[in-house]
Amino acid sequence: DAKTTQPPSMDCAEGRAANLPCNHSTISGNEYVYWYRQIHSQGPQYIIHGLKNNETNEMASLIITEDRKSSTLILPHATLRDTAVYYCIVRAANAGGTSYGKLTFGQGTILTVHP
Amino acid sequence: DAGVIQSPRHEVTEMGQEVTLRCKPISGHDYLFWYRQTMMRGLELLIYFNNNVPIDDSGMPEDRFSAKMPNASFSTLKIQPSEPRDSAVYFCASSRQGFNNEQFFGPGTRLTVL
């Protein structure tokens, strides 16, 4: 399974964009990139996922490089409530992949949003 | 929808006792997952079910751990006998059929084994 590398921590000012990077240089063609976050004392929460095209939803945008070896999660206007641990995960898209159906969480990035 | 429901939210027990954690997935979801989170090891998948059938239990640490899903609306994770190193937050999650569907997590059960 492809592994991911994320910076252990990042800071962001409230109201500014938060750009969280993730490296997944060994990703295979059938693996999606997922982002989840975990606010203190809560269960993880799904944010967004993508295969090769950029994606946007009401929470965030996901930018995936053309070679798919890295991606960036963008929170366009960070608020204090966005302070959380953000996890970048790769996951197989079909039953032939060993990571099919499973989310393997790494250590994530602790994002702290300052007033 | 009430979301994934877990009980109890907190459990304190003594070493050697049996512990049972409970989970009610979101109605209509076909997948159910049990995770464990500790400071040392992070968030780990223990086991997951599809249509009430265990698919992958490779993350279950040892024979003291067992999980069941007798029907589509209920699952249990049992530890017998419990040990202090089992102290962790245990999360249950569910998702709809479809490989890329998001997992919805419950609030977790904080287990402390003395």
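Key figures
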| read-out | value |
| --- | --- |
| Mean accessible surface per residue for chain A, computed with a 1.4 Å probe while every protein chain stays in place, in Å² | 50 |
| Accessible-area value, A:His49, 1.4 Å probe, nucleic acids and ligands omitted, Å² | 40 |
| Taking the stretch A:1-79 and dividing mean pair separation by its residue count, relative contact order in percent (alpha carbons under 8 Å, at least six apart) | 34 |
| Computed over the protein assembly as shown, the ratio Rg/Rh where both radii use C-alpha atoms and Rh is Kirkwood | 0.97 |
| Accessible surface ranking that places the most exposed of A:Leu80, B:Leu45 first, with a 1.4 angstrom probe | A:Leu80, B:Leu45 |
| Bins of 10 Å, starting at 0 and running to the largest distance - Cα pair percent for the stretch A:1-113 | 15, 49, 30, 6, 0 |
| Cα pair distances of the stretch A:1-60 binned at 10 Å [whole percent] | 16, 48, 32, 4 |
| The protein assembly as shown, accessible surface, carbon-and-sulfur percent (1.4 angstrom probe) | 50 |
| Dimensionless Rg ratio for chain B, taking C-alpha atoms and the 2.2 N^0.38 Å reference | 1.00 |
| Within a Gaussian network of chain B (alpha carbon springs, distance under 10 Å), most fluctuating of B:Arg64, B:Arg41, B:Arg22 | B:Arg41 |
| GNM result for chain A, Cα springs below 10 Å: residue of A:Arg91, A:Arg37, A:Arg16 fluctuating most strongly | A:Arg16 |
| The stretch A:9-73-the stretch B:35-114 distance, computed between alpha-carbon centres (Å) | 25 |
| Charged-residue dipole, Cβ positions (Lys, Arg, Asp, Glu), the stretch B:1-99 about Cα centre, Debye nearest 20 | 240 |
| For chain B, the longest site-free run once GluC sites (Glu not before Pro) in DSSP loop states with at most 14 other Cβ atoms within 10 Å are removed | B:63-114 |
| Selected from A:Ala78, A:Ala17, A:Ala60 as most flexible by GNM, with chain A as the system and alpha-carbon contacts under 10 Å | A:Ala17 |
| Buried solvent-accessible surface, both chains (B, A), 1.4 Å probe, Å² to nearest 100 | 1600 |
| Relative contact order of the stretch A:1-45, pairs being alpha-carbon contacts under 8 Å that are 6 or more residues apart, as % | 37 |
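The values are calculated or read from the model by the stated rules, or taken from the named source; none is laboratory data. On a predicted model such as this, the values are computed, not experimentally measured, just so you know. No Cβ is skipped: glycine too gets one built from the backbone with ideal geometry, and neighbour counts run over all protein chains shown. What goes into the accessible areas is simple: the full protein's heavy atoms, side chains included, and nothing from ligands, DNA or RNA. Shrake-Rupley method; radii C 1.70, N 1.55, O 1.52, S 1.80 Å.
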